[in-house]
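Have a look at the structure below, then the notes.
The values are calculated or read from the model by the stated rules, or taken from the named source; none is laboratory data. Nothing here was measured: the structure is a model prediction, and the numbers come from that model. Note that we place each Cβ from the backbone using ideal geometry, even for glycine, and neighbour counts take in every protein chain shown. Ligands, DNA and RNA are stripped out before the accessible areas are found, and what is left, the full protein with its side chains, is counted by its heavy atoms. Shrake-Rupley method; radii C 1.70, N 1.55, O 1.52, S 1.80 Å.
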Amino acid sequence: MDRGTMTDEEAVRSICKRIPQSEWELVERFVREFRMKQEPNPPMEALLGELKEQGYHLFLMSNTSHRFRAFSKNIPSVGYMDGIWISCECGYLKPEREAYVDFFRKMKIEPQESYFVDDSPANIEAGMRLGMRGCVYHQDMQELRRNLREAGIVLKVLRHDVLRRLRLHHVSMQGNQFPARSGILPVFGLSEKP
């Protein structure tokens, strides 16, 4: 599904061939509802708001299925992204080299201008082989903030009213043609881990 070569229905049929019929309904429900309800992540939203307010361009690179366009409406942080690359629309998966090359081409950025944050060490290593800098996100915001500061990415905590204004006036994504800011462009990876 993440490569874009299989529909939800095909995935359900493929899985159900290998399990007892008593489990089929559970599989169908799981595929239909997976990630449709995303818990808010206020610390990540605050971080992205800070970066956006300071002029950084933010991009999302995600291994995900076509369902992303539906479930991403429930993730406020996605509104901060200047560009979104999802694997199912390209046919490549992180950490495949081709995924990164396609991402750089479509987002019009250079690897050395970006800082990649992802929860998979293999994905970070693949990006680094192409010239990106980055860090593994271990679900620890203090560690992530420290890694960003050490990489030279300026962080300034925003007041709540500024963050609210940013949420309401985020950049719309039209063609992913945003000029690169001089310096580092944070790139955030999103996994399909439940």
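Scanning region 1-52 for residues being polar (S, T, N, Q) and assigned to a loop (DSSP other than H, G, I, E, B) gives a total of 4. Residues in region 53-86 that are outside any helix (DSSP H, G or I) and either hydroxyl-bearing (Ser, Thr, Tyr) or surrounded by 18 or more Cβ atoms within 10 Å (Cβ to Cβ) (or both): 18 in all.
Applying a threshold of 9 Å to beta carbon distances and a minimum spacing of six or more residues, or different chains, the list of pairs starting in region 98-125 at a residue that is within 15 Å of His138 (Cα to Cα) and ending at one that is loosely packed, with under 13 Cβ neighbours inside 10 Å reads Asp119/His138; Asp119/Gln139; Asp119/Lys193. Pairing each residue of region 62-81 that is touching a residue at least 40 places away in the same chain (Cβ under 8 Å) and among the aromatic types (Phe, Trp, Tyr) with any residue that is open to solvent by 20 Å² or more (accessible area, probe 1.4 Å) and assigned to a loop (DSSP other than H, G, I, E, B), provided the two are 6+ apart or on different chains, yields C-beta distances under 9 Å for Tyr80/His170; Tyr80/Val171.
When the residues of region 16-37 are filtered to those that are touching a Phe, Trp or Tyr at 6+ places or on another chain (Cβ under 6 Å) and not aliphatic (A, V, I, L, M), the one that is modelled with the highest pLDDT is Cys16.
For region 110-122, filtered to residues that are over 16 Å from the mean Cα position of the chain (by Cα) and within 14 Å of His57 (Cβ to Cβ), the residue that is most open to solvent (accessible area, probe 1.4 Å) is Glu110. Among all positions in region 87-97, there is no residue which is out of contact with any strand residue (DSSP E or B) (no Cβ under 9 Å at 6 or more places or on another chain) and either crowded, with 23+ Cβ neighbours inside 10 Å or free of Cβ contacts under 8 Å to residues at least 12 places away in the same chain (or both).
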